[in-house]
Amino acid sequence: MPQYYTVKGPSVHEIIIQKSRFIAHVKRTETEQEAQEFIAAIKKEHWNANHNCSAYMIGETNHIQKANDDGEPSGTAGLPILEVLKKRDLKDTTVVVTRYFGGIKLGAGGLIRAYGKSATEGITAAGIVKRQLTRTMTVQIDYTWLGKIENELRSSVYGLKEIHYLDTVNVEVFVLENQIDAFSDWMTEMTNGQAEITAGELLYQEIDV
């Protein structure tokens, strides 16, 4: 995929609704097995909770989608969590919402809102990233060019990946496939043709959203 959205990292976020504790556990999972293992781990950790409801969306076309109410009335827990994932178009993401019942029944509508709110806040706490497919370009330059190149890159559309300080300086840059020629021309012009530019592997660059 040229680009897609997913969660940044694992997160745990708790809210209280009508004395019930709703704990959202969020994690990036790239296979269904990873998702199921994550759900199993949360269920083991919170074995004494009333419910551990979950949903995940995995795959390039979101072809793997699962929701589980774990004992809550049908459609009141897992589905609202899944709807949050769909609304935000988050791929390779699993959310488990643990509920410790506080003694006050919420009703079907209240449960739908509670699980949706918990999932939404949990995802916000985890953070969202855009992963875009880029080519790693290496620019080899003399140290005298480093200050100028680094400053220009930081204010450009290209992503500075890493700088290696060797006999010369190797600057690694994230460049979109359709911008490689423009990047090479720009770098050549900026260094008066003194930069050695080589194309490396395709990698996903993660950008905070």
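The values are calculated or read from the model by the stated rules, or taken from the named source; none is laboratory data. Since the structure is predicted, the reported quantities are computational estimates derived from the model, not experimental observations. Glycine also receives a Cβ, built like all others from the backbone with ideal geometry; neighbour counts cover every protein chain displayed. Protein only, heavy atoms only, side chains kept; ligands, DNA and RNA dropped before computing areas. Shrake-Rupley method; radii C 1.70, N 1.55, O 1.52, S 1.80 Å.
Modelled label positions at Asn178 and Lys105, each set 7 Å beyond Cα in the direction of Cβ, lie 5.6 nm from each other.
Accessible surface calculations at 1.4 Å, restricted to protein heavy atoms, place segment 79-148 at 41 Å² per residue.
For the residue pairs Lys44/Lys117; Lys19/Lys86; Lys27/Lys87; Lys44/Lys87; Lys86/Lys130, the alpha carbons lie more than 20 Å apart in Lys44/Lys117; Lys19/Lys86; Lys44/Lys87. Taking each residue as 0.36 nm, the span from Lys66 to Asp142 lengthens on full extension beyond its C-alpha to C-alpha distance by 22.0 nm. The alpha carbon radius of gyration of segment 56-126, expressed as a multiple of 2.2 N^0.38 Å, is 1.10.
Bins of 5 Å, beginning at zero and ending with the bin holding the largest distance: percent of Cα pairs per bin for segment 93-209, please. Taking every Cα pair in segment 93-209, the percentages come to 2, 10, 16, 16, 10, 7, 6, 6, 6, 6, 6, 4, 3, 2, 0. Gain on full extension, evaluated as 0.36 nm per residue between Lys86 and Glu34 minus their Cα-Cα distance, stands at 16.8 nm. Rounded to the nearest 10 degrees, the angle from helix 78-88 to the longest Cα principal axis of the chain is 30 degrees. If you line up the long axis of helix 180-190 against the longest principal axis of the chain, both from Cα atoms, how many degrees apart are they, to the nearest 10? It is inclined by approximately 50 degrees.
Only one residue of Thr61, Phe101, Thr76 has its Cα farthest out toward the positive end of the dipole of segment 39-112, where Lys and Arg carry +1 and Asp and Glu -1 on Cβ, and that residue is Phe101.
Computed on the Cα atoms alone, the convex hull of segment 2-49 gives a volume of 90 cubic angstrom per residue. When the convex hull of its Cα atoms is viewed from all sides, the chain shows a mean projected area of 13.9 nm².
Between segment 74-141 and segment 142-178, how many Å separate their Cα centres? For segment 74-141 versus segment 142-178, the Cα centre distance is 36 Å. Students often forget the sequence filter, so: which aspartates and glutamates lie under 13 Å Cα-Cα from Lys148 once same-chain residues fewer than 8 apart are removed? Output for Lys148: Glu189.
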